[in-house]
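S.K.: Got a structure for you, written out below as structure tokens; questions coming shortly.
The values are calculated or read from the model by the stated rules, or taken from the named source; none is laboratory data. In this text, all values refer to a predicted model and were calculated from it rather than measured experimentally. Because the Cβ atoms are built from the backbone with ideal geometry, glycine has one as well, and the counts that use them run over all protein chains shown. What goes into the accessible areas is simple: the full protein's heavy atoms, side chains included, and nothing from ligands, DNA or RNA. Shrake-Rupley method; radii C 1.70, N 1.55, O 1.52, S 1.80 Å.
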Amino acid sequence: MIPIAKPYLDMAEADAAREVVLSGWLSQGAQVAAFEREFASLTGAAQACAVSNCTTALHLALLAAGVGAGDEVIAPSHSFIATANSIRYCGATPIFADIEPATYNLDPECVAEAITERTRAILTVHQMGMPCNLGALLAVANRHGIPLIEDAACATGSQINMDGAWECVGRPRGLVSCFSFHPRKVITTGEGGMLTTSDPGIDRKLRLWRQHGMNVPDTVRHSSAQVIFESYDVVGFNCRMTDIQAAIGRTQLLRLPEIVARRRAIASRYAELLGDIDELGLPFEPEWARSNWQSYCVRLSERVDQKTVMQNMLNQGIATRRGIMCSHREASYAHAERRHSLRQSELAQDHAILLPIYVQMTEEDQARVADALRAELRASGSA
Ligand SMILES: *Cc1c(COP(=O)(O)O)cnc(C)c1O
């Protein structure tokens, strides 16, 4: 069986977790602080704040941008549903804008059209690890004085060329970037998230909100020779990451260069193996983007039935996934306001499929995937 994805872990992560368990300090502590410093250094961000997952990161990022009841936030529908849900958590309304078909990321022109006097933030996604057109989106956001938040859930280790120099996604260029360490992403802590920002005031708020609004954290009180009484001046949440997760994350971060290099090699081999199939659309990497290839997404001809191809490949022991979901097509968003065409989003969901990609994948596995896909497309008259 060739799975769609597989986390890349071994005894090093198990040992890191074991040490924390035996240390007696299990929740947010020294390991979380170290993971934050290392993540900030990787992304070039001034501040990084660890949280329980990327969904809570998005929620806190929107709150930090001042999003509240009655506000509108422009976001892609074509994303995992957490993107849209985080807007609803703030009592705000998601206004869905369409994507560019080649990159599956927000189309800056569609975003510009969606702006109204109620727009409080733009929530862009680096979908499947492919950097979005940050330069153009920032220009739109800045022209209107609207904060931009980056949903970089899939984009740990992706790079973007800004003003002629390469930098990691999450430096960040917008107000805040949000990352996920779910096992389906390129590095994992089981569950986990991170926020990066260059604004110390926002970082301070995030740290208060993630821990019940507590003004003096337990780590400080624990190591103090003085008795300290903490206070709670704002209503916070519990979004803490554990030290067990952070220790695993620190070990995963050490592997990130190897993981990204391997995924990039697999992606370029897919391009070689599949490049001659006329009716198959290969993923497009703009010259200013270096994807971490969290997913490898190909586009089928509209004449081919997506589900049949996927089922026949599954029958041969090869897992695939359909294109990224569209939130506006789910029952939970059926009554959401719909102002703009989402045609490219729908086409991408209906005609794209994701192929297996993971570090441990062998050349033989990859050839099997490519051969099976080619045979399927031939059988359906599209290769
Ligand atoms: C996975 C994902 C999320 C949610 O991340 P969690 O850590 O599972 O909460 C949000 N947005 C996008 C684009 C994702 O792919």
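S.K.: What does the charge count near R207 come to, summing +1 for each Lys or Arg and -1 for each Asp or Glu among other residues with Cβ under 11 Å from its Cβ?
M.R.: With Lys, Arg at +1 and Asp, Glu at -1, the neighbours total +2.
S.K.: Here is a follow-up. To the nearest 10 square angstrom, what accessible area does M128 show with a 1.4 Å probe?
M.R.: 10
S.K.: For A97, enumerate residues with amide H under 5 Å from its amide H, sequence gap 5+ or separate chain, H modeled in the peptide plane.
M.R.: Residues meeting the amide H criterion: A75, S77.
S.K.: Could I ask something else about it? Take segment 136-204, drop everything but the C-alpha atoms, weight them equally and run the Debye formula without solvent; then report log10 I(q)/I(0) at 0.15, 0.27, 0.28 Å⁻¹ to two decimals.
M.R.: Values returned for q = 0.15, 0.27, 0.28 Å⁻¹ are -0.54, -1.20, -1.23.
S.K.: Shifting gears a bit: How high is the relative contact order of the chain? Use alpha-carbon pairs under 8 Å, at least six apart in sequence, and give a whole percent.
M.R.: The value is 24 percent.
S.K.: Through the Karplus equation 6.51 cos²θ - 1.76 cosθ + 1.60, θ set to phi - 60°, convert the phi angles of segment 352-362 into ³J(HN,Hα) values in whole Hz; use x for Gly and Pro.
M.R.: With the stated coefficients, segment 352-362 comes to 9, 9, 9, 9, x, 8, 6, 4, 7, 4, 8 Hz.
S.K.: Is it possible to state the helix-based mean residue ellipticity at 222 nm for the chain, with each DSSP H run of 4+ residues giving -39500 (n - 2.57), the sum divided by total residues, to the nearest 500 deg cm²/dmol? What is it?
M.R.: -12000 deg cm²/dmol, from helical runs alone.
S.K.: Sticking with this one: How much length is gained on full extension from A12 to A46, taking 0.36 nm per residue of separation minus their Cα-Cα distance?
M.R.: That pair, A12 and A46, stretches by 9.4 nm at full extension.
S.K.: Could you derive backbone 3J(HN,Hα) for segment 77-92 from the dihedral phi with the Karplus parameters 6.51, -1.76 and 1.60 (θ = phi - 60°), listing whole Hz in sequence and x where the residue is Gly or Pro?
M.R.: Coupling constants for segment 77-92: 6, 6, 6, 4, 4, 4, 4, 5, 4, 4, 6, 4, 4, 7, x, 9 Hz.
S.K.: Quote the FRET efficiency, to the nearest 0.05, computed for A136 versus T93 with a Förster distance R0 of 22 Å and r equal to the Cβ-Cβ distance.
M.R.: 0.40
S.K.: Taking the Cα centre of the chain as origin, sum charge times position over the Cβ atoms of Lys and Arg (+1) and Asp and Glu (-1), and report the length of that vector in debye to the nearest 20.
M.R.: Roughly 500 debye, rounded to the nearest 20.
S.K.: Hey, can you grab everything whose amide H is under 5 Å from the amide H of Y296? Only 5+ residues off in sequence or another chain; H modelled, so Pro and N-termini drop out.
M.R.: It is L355, by chain and number.
S.K.: Follow-up question, since we're still on this one. With the cut-off at 1.5 for a/c, could you classify segment 1-95 from its C-alpha gyration tensor as rounded, prolate or oblate?
M.R.: Prolate, since a/c reaches 1.5 and a/b exceeds b/c.
S.K.: Applying a 10 Å radius around every beta-carbon, put 265-273, 228-236, 30-38, 176-184 in order of their mean neighbour count, most first.
M.R.: Output ranking for 265-273, 228-236, 30-38, 176-184: 176-184, 30-38, 265-273, 228-236.
S.K.: Okay, moving on. Can you tell me the alpha carbon radius of gyration of segment 257-379 divided by the globular rule-of-thumb value 2.2 N^0.38 Å?
M.R.: 1.15
S.K.: Follow-up question, since we're still on this one. Each residue of segment 238-249 in order: what ³J(HN,Hα) in whole Hz does its phi give by Karplus 6.51 cos²θ - 1.76 cosθ + 1.60, θ = phi - 60°, with x for Gly and Pro?
M.R.: 10, 10, 6, 8, 8, 5, 5, 5, 5, 5, 5, x
S.K.: Can you grab the distance from the C-alpha centre of segment 308-346 to the C-alpha centre of segment 101-131, Å, no decimals?
M.R.: 18
S.K.: Related question: For D71, enumerate residues with amide H under 5 Å from its amide H, sequence gap 5+ or separate chain, H modeled in the peptide plane.
M.R.: Result for D71 returns T93.
S.K.: Give, as a single signed number, the net charge of other residues whose beta carbon lies under 12 Å from the beta carbon of A114, with Lys and Arg counted +1 and Asp and Glu -1.
M.R.: Local net charge: -3.
S.K.: Show which lysines lie in cross-link reach of K307 when reach means a straight Cα distance below 26 angstrom and same-chain residues fewer than eight apart are skipped.
M.R.: K6, K185
S.K.: If you place +1 on the Cβ of every Lys and Arg and -1 on the Cβ of every Asp and Glu, how big does the dipole about the Cα centre of segment 307-383 come out, in debye to the nearest 20?
M.R.: Using only the charged Cβ atoms, the result is roughly 340 debye.
S.K.: Using a 1.4 Å probe and counting only protein heavy atoms, arrange R118, R221, R143, R343 so the residue with the most accessible area comes first.
M.R.: Solvent-accessible surface, decreasing: R143, R343, R118, R221.
S.K.: Please name whichever of Q211, A246, A267 sits farthest to the positive end of the charge dipole of the chain, dipole taken about the Cα centre and charges placed at Cβ: Lys and Arg +1, Asp and Glu -1.
M.R.: Toward the positive end, the furthest listed residue is Q211.
S.K.: To continue, here is another question. Pop a pseudo-label 7 angstrom from the Cα along the beta-carbon direction at both A261 and S223 and give the gap in nm to one decimal.
M.R.: Reported label-point gap for A261 and S223 is 3.5 nm.
S.K.: Stick to Cα atoms and the Kirkwood definition of Rh, then tell me Rg/Rh for the chain.
M.R.: 0.99
S.K.: A further question on this structure: Please report the antiparallel percentage of the DSSP beta bridges confined to the chain, to the nearest 5.
M.R.: Percentage antiparallel, nearest 5: 65.
S.K.: Based on DSSP, what percent of beta bridges with both residues in segment 117-270 are antiparallel, to the nearest 5?
M.R.: 60
S.K.: Where the accessible area of segment 11-253 is counted over protein heavy atoms with a 1.4 Å probe, how much of it, in %, is carbon and sulfur?
M.R.: 53
S.K.: Among M313, G281, S301, which residue has its Cα positioned farthest towards the positive end of the charge dipole of segment 254-318, with +1 placed on the Cβ of Lys and Arg, -1 on the Cβ of Asp and Glu, and the dipole taken about the Cα centre?
M.R.: Of the listed residues, the answer is M313.
S.K.: Could the peptides 79-89, 145-155, 3-13 be put in order, highest first, of the mean number of other beta-carbon atoms found within 10 Å of their residues?
M.R.: In decreasing order of mean packing, 79-89, 145-155, 3-13 become 145-155, 79-89, 3-13.
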